[in-house]
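The structure appears below as structure tokens.
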């Protein structure tokens with residue numbers, strides 16, 4: 001039995017030596033990465049080693065190896081896409097979470113004066129009524145109900161103006177964060 005195993009080892013070494021460079025170079029051509037190409041080639045030959053019936057009678061398996069390599073690369077790309085989408089989702093959640101936080105640590109970590117200037121410029125661009133309502137809410141500390149009564153407008157209108165203003169401010173702050181940390 002050990003003679004058969006040795007014979008199998010020798011045949012696999014020849015098979016590996018004849019085909020590994022071809023598989024690795026093909027993978028490198030498609031992935032543009034030496035490391036990914038090596039990983040893909042190693043995975044393919046590891047799988048083949050565990051399934052001798054696939055390669056035992058073959059010196060080369062060119063079309064089979066190219067197909068398997070292509071499929072491994074597709075799997076790698078799918079995996080990388082899933083990773084990237086997950087990273088993007090986490091990054092977006094963190095940025096949105098930071099913006100929604102009542103804590104001022106975000107402003108303290110950013111260039112405080114720049115952010116305040118951008119906020120002021122954004123408020124200056126608002127329609128006068130929207131700006132007035134927002135300032136009454138945030139700077140004078142009035143409740144939505146108090147603002148509605150004082151200006152004699154519906155409560156829903158006050159809420160809508162504040163919501164739209166906060167949306168504009170979040171856009172500005174997101175822009176600052178993205179261009180400050182990801183130039």
### Task
Please work out if residue 15 is modelled with pLDDT under 90 and within 30 Å of residue 178 (Cβ to Cβ).
no
### Query
What is the one condition in (1) closer than 17 Å to residue 123 by Cβ; (2) crowded, with 17+ Cβ neighbours inside 10 Å; (3) modelled with pLDDT of 90 or more that residue 148 does not satisfy?
(1)
### Task
Quick one: residue 57 ticks every box in (1) part of a helix (DSSP H, G or I); (2) at pLDDT below 80; (3) farther than 30 Å from residue 174 by Cβ except a single one, so which number is it?
(1)
### Query
Does any residue of region 78-86 turn out to be surrounded by 14 or more Cβ atoms within 10 Å (Cβ to Cβ), under 30 Å from residue 178 (Cα atoms) and at pLDDT 85 or above?
no
### Task
Please specify each residue of region 117-133 satisfying the condition of being assigned to a helix (DSSP H, G or I) and exposed (fewer than 12 other Cβ atoms within 10 Å of the Cβ).
117, 120, 121, 124, 128
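This table checks each residue for (1) in contact with a strand residue (DSSP E or B) (Cβ under 6 Å, 6 or more places away or on another chain); (2) over 19 Å from residue 24 (Cα atoms); (3) not assigned by TED's automatic domain parsing to the domain that holds residue 15.
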{"position": "41", "(1), (2), (3)": "no, no, no"}
{"position": "44", "(1), (2), (3)": "no, no, no"}
{"position": "48", "(1), (2), (3)": "no, no, no"}
{"position": "52", "(1), (2), (3)": "no, yes, no"}
{"position": "62", "(1), (2), (3)": "no, no, no"}
{"position": "66", "(1), (2), (3)": "no, no, no"}
{"position": "72", "(1), (2), (3)": "no, no, no"}
{"position": "87", "(1), (2), (3)": "no, yes, yes"}
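The values are calculated or read from the model by the stated rules, or taken from the named source; none is laboratory data. These numbers were taken from a predicted model, which means no experiment stands behind them. Glycine also receives a Cβ, built like all others from the backbone with ideal geometry; neighbour counts cover every protein chain displayed.
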